[in-house]
Amino acid sequence: MELNTGEEKEIFEPVKQTDLIYGIDDRPPFKEAVFAALQHLLAIFVAIITPPLVIAGALKLDLETTGFLVSMALFASGVSTFIQCRRIGPVGAKLLCIQGTSFSFIGPIISAGLSGGLPLIFGACIAAAPIEMVISRTFKYMRSVITPLVSGIVVLLIGLSLIKVGVVSCGGGFSAMDNGTFGSIENIGVAATVLLSVLFFNRCKNKYLRMSSIVLGLCIGYALAYFLGMVDMAAAASQKLTGFNIPMPFKYGLDLNISAFVAIGLVYLITAIEATGDVTANSMISGKSIEGDSYLRRVSGGVLADGVNSFIAGIFNSFPNSIFAQNNGIIQLTGVASRYVGYYIAGMLVLLGLFPIVGIIFSLMPDPVLGGATLLMFGTVAAAGIRIIASQDINRKATLVLAVSLSLGLGVELMPDILKTAPEAIKGIFSSGITTGGVVAIISNILIHVKEDKTE
């Protein structure tokens, strides 16, 4: 029996008519719950492991470290999902909200890793996580500063910046640059095969093929790469494939500097806004109200959990977590909104994270295989940003904000030497186009006051 008196209004909140088979607080039979959980797992698995694989590739980490980071990403996502679905005190949306490693942080994390390694990455992620926790308590006021226009600009910059990372992987990654095979026919061919396979299965009428399109594309690409001799099986032979990966807090140590803190902290601001939208969409699909005290409590709890879970992830050597929007579509598809299904998903993710072989298998995946899938993923991130921007009234003020933000953000990405003579502190903060464009978008959105004529 729960003793949280703050939940009374939510318990008796009238539920809207929906086509759901199982509502939020319903408990599906074991078989149906496991089947629904597996569908969610299929949709999120690749998205969870991709950020650590991309980051490890950019930082040229060894196979053992990469495998451990992948395992901890799964473990942290399982813990985070449980907290979101269960709600512990004020932490959690108490909906079927699935958490996973966020793509939004990849750019700033790689920048931090290149200057300070894993200790700086985890130190900055942990130190900046309270920013999102604070916003969860005051998000009503922050939304007047971080408007949908600002969020759309940052999401667009995240996608455009990551596309470069995807293209590097398609060409063979940084290792291929070192050995002169970058952009070879084999690398481009494997990446193209994955990309075309994902597109093919995604356009299938069969819902299961569509849901598993990325997984199937990766499997085809992995098999092709294996037959082409691109998979280094000798490296796996030296790794421990049995036993368990024991989560070790602060395994790689901690470090911190102001540049990494600001860069990563800005992304926490944006993910707080994204989490608000995800919880709102989940509430609508699940037949809950999107106004009133109960709604505010769900959104506040969901955003707070986003920050708390990212803090916990950093402690266990993983990267920031965020709510996955794609799972809202699966709730509609299956008709199962029960948060108890989230417990099964959380358990599966934790178990997968504890077995070293899972991390090693995906760590052996050649860069072109991952690149073919991530190129499409990162493109959809950019497309999401365009969609958010397009949903707004783009008047003269908005056009100016959009123009100056994209110009400076993309300018830094395309010509990083522009900051060559700047002080190290400035260079560290604004070397990322995401950070530069995001900061400019927030400031310009506040400062630019263009009086529109009524005739316009």
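The values are calculated or read from the model by the stated rules, or taken from the named source; none is laboratory data. Since the structure is predicted, the reported quantities are computational estimates derived from the model, not experimental observations. Note that we place each Cβ from the backbone using ideal geometry, even for glycine, and neighbour counts take in every protein chain shown. Heavy atoms of the whole protein, side chains included, go into the accessibility calculation; ligands, DNA and RNA do not. Shrake-Rupley method; radii C 1.70, N 1.55, O 1.52, S 1.80 Å.
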Top-ranked residue of the range 317-338 - restricted to ones that are modelled with pLDDT of 80 or more and open to solvent by 10 Å² or more (accessible area, probe 1.4 Å), ranked as farthest from the chain's Cα centre (by Cα): 336
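Would you point out the residue of the range 54-64, among those that are at pLDDT 90 or above and part of a helix (DSSP H, G or I), that is surrounded by the fewest Cβ atoms within 10 Å (Cβ to Cβ)? Let's see the steps before the verdict.
Start the filter on the range 54-64 by keeping residues that are at pLDDT 90 or above, which leaves 55-56, 59, 61.
From what's left, part of a helix (DSSP H, G or I): 55-56, 59.
Details: 55: 25, 56: 21, 59: 19.
The selected residue is 59.
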Condition met for residue 397 (basic (Lys, Arg) and either in contact (Cβ under 8 Å) with a residue 24 or more places away in the chain or within 21 Å of residue 57 (Cβ to Cβ) (or both)): yes
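Look through the range 164-214, keep the residues that are of a type in the set (Val, Ile, Thr), open to solvent by 50 Å² or more (accessible area, probe 1.4 Å) and under 30 Å from residue 270 (Cα atoms), and return whichever of them is nearest to the chain's Cα centre (by Cα). Working first, answer last.
First pass over the range 164-214, keeping only residues of a type in the set (Val, Ile, Thr): 165, 167-168, 181, 185, 188, 190, 193-194, 198, 214.
From the residues that got through so far, the ones that are open to solvent by 50 Å² or more (accessible area, probe 1.4 Å) too are 167, 181, 185, 188, 214.
Going one step further and asking which of them are under 30 Å from residue 270 (Cα atoms), we end up with 167, 214.
Details: 167: 19, 214: 16 Å.
Step by step, filter the range 164-214, then rank; the result is 214.
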Checking residue 249 against (1) open to solvent by 10 Å² or more (accessible area, probe 1.4 Å); (2) farther than 17 Å from residue 79 by Cα, the condition it does not meet: (2)
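Could you tell me which residue of the range 372-401 is least open to solvent (accessible area, probe 1.4 Å), considering only residues that are of a type in the set (D, E, K, R) and assigned to a helix (DSSP H, G or I)? Step through it out loud before you land on a result.
Step one: list which residues in the range 372-401 are of a type in the set (D, E, K, R), which gives 387, 393, 396-397.
Then drop every residue that is not assigned to a helix (DSSP H, G or I), which leaves 387, 396-397.
Details: 387: 159, 396: 106, 397: 58 Å².
That would be 397.
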Inter-residue pairs, beta-carbon under 9 Å, first under 16 Å from residue 388 (Cα atoms) and in the range 259-272, second in a helix (DSSP H, G or I) and of a type in the set (Phe, Trp, Tyr), 6+ apart: 272/139
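Go through the range 257-269 and give me each residue that's under 22 Å from the mean Cα position of the chain (by Cα) and either open to solvent by less than 30 Å² (accessible area, probe 1.4 Å) or modelled with pLDDT under 90 (or both). Reasoning before the result, please.
Step one: list which residues in the range 257-269 are under 22 Å from the mean Cα position of the chain (by Cα), which gives 259-269.
259, 260, 262, 263, 264, 265, 266, 267, 268, 269 - these are the residues of the range 257-269 that are under 22 Å from the mean Cα position of the chain (by Cα) and either open to solvent by less than 30 Å² (accessible area, probe 1.4 Å) or modelled with pLDDT under 90 (or both).
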Residues of the range 65-108 that turn out to be in a helix (DSSP H, G or I) and over 17 Å from residue 250 (Cβ atoms), as a count: 16
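Check 334, 280 and return the single one that is closer than 30 Å to residue 35 by Cβ, free of Cβ contacts under 8 Å to residues at least 60 places away in the same chain and of a type outside the set (A, V, I, L, M).
280
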